[in-house]
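Notes to accompany the following structure.
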Amino acid sequence: MQVPVYSLSGEVVTQLEISDDIFDLPFNDAVVHQALVRQLANKRQGTASTKTRRAVRGSTRKAYFQKHTGRARRGTLRSPLLVGGGIVFGPHPRSYYQAMPKKMRRLALKCVLSAKVREGNMKVVEKFTFDRPGTKEMTNILAAFEIDSSVLIVTTDSTPNVVKSASNLASVDVLPSALINIADLLSHQKLLVTIPAIHKIEQIWGRKVIKHASL
């Protein structure tokens, strides 16, 4: 399929052929949801910890006599019923890691990219030319594309000048093409991609052709 390529002033300059295998797939809700849950779960450290009644600090002496006081039977000050006592069913260190087949992860990413193209939320630009960081210049570029919502800018490699130009703008983030992921794509409404970044995305996530050696 073909998509228009824009200059930084927002004018169409040419057309670009992009891979149908990546940018023209039907949306698979179940796979995308699973991939997003997996990514967010794997970011969790799992270091939250509480003390049970046997781990909390305190005397084990019986607080008062068992009988003839008219009060409840109190065996230890470490009881979860008392302030400073142990915690019942509290969190303990654990791993939140979730596994997911590689083919499903790749499919989820392609589904989200295809949805961006289908909804007209992905714009392809020639390239970003920043000799030095400039927030005003980045603001003018976004205004030329009439972007007033969250936007993810995808470049080929790490581009410090582009990153610094967008760092002071709310809801504007910059990523190299090799690091695009489900969470960032879904948390930004618009996608601004350079032509070299498109080629690198196709190279990384495109269909691999296996060449067999002739006998």
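The values are calculated or read from the model by the stated rules, or taken from the named source; none is laboratory data. Every value quoted in this text rests on a predicted model; they were computed, and no experiment measured them. Methodologically, a virtual Cβ is constructed for each residue, glycine included, from the backbone with ideal geometry; neighbour enumeration extends over all protein chains shown.
Taking the range 74-109 as the range and being of a type in the set (S, T, N, Q) and out of contact with any helix residue (DSSP H, G or I) (no Cβ under 7 Å at 6 or more places or on another chain) as the test, the residues that pass are Thr76, Ser79, Ser95. Restricting attention to the range 2-58, the residues that are in contact with a helix residue (DSSP H, G or I) (Cβ under 9 Å, 6 or more places away or on another chain) and touching a residue at least 60 places away in the same chain (Cβ under 8 Å) total 26. Could you check the range 32-82 and list, in sequence order, the residues that are within 42 Å of the chain's Cα centre (by Cα) and among the aliphatic types (A, V, I, L, M)? Val32, Ala35, Leu36, Val37, Leu40, Ala41, Ala48, Ala55, Val56, Leu81, Leu82, listed by residue number. When the criteria are applied in full, Gly10 fails the requirement of being more than 30 Å from Glu137 (Cα to Cα) and part of a loop (DSSP other than H, G, I, E, B). In the range 38-62, the residue that is nearest to Leu186 (Cα to Cα) out of those that are surrounded by 14 or more Cβ atoms within 10 Å (Cβ to Cβ) and not basic (Lys, Arg) is Gln39. Out of all the residues in the range 100-122, is one or more over 22 Å from Glu202 (Cβ atoms), in a helix (DSSP H, G or I) and either of a type in the set (Gly, Ala, Ser) or modelled with pLDDT of 95 or more (or both)? Scanning the range 100-122, I find no residue that is over 22 Å from Glu202 (Cβ atoms), in a helix (DSSP H, G or I) and either of a type in the set (Gly, Ala, Ser) or modelled with pLDDT of 95 or more (or both), so the answer is no.
Under the condition of being surrounded by fewer than 20 Cβ atoms within 10 Å (Cβ to Cβ) and either closer than 25 Å to Leu40 by Cα or without any contact (Cβ under 8 Å) to a residue 24 or more places away in the chain (or both), the residues counted in the range 176-198 number 9.
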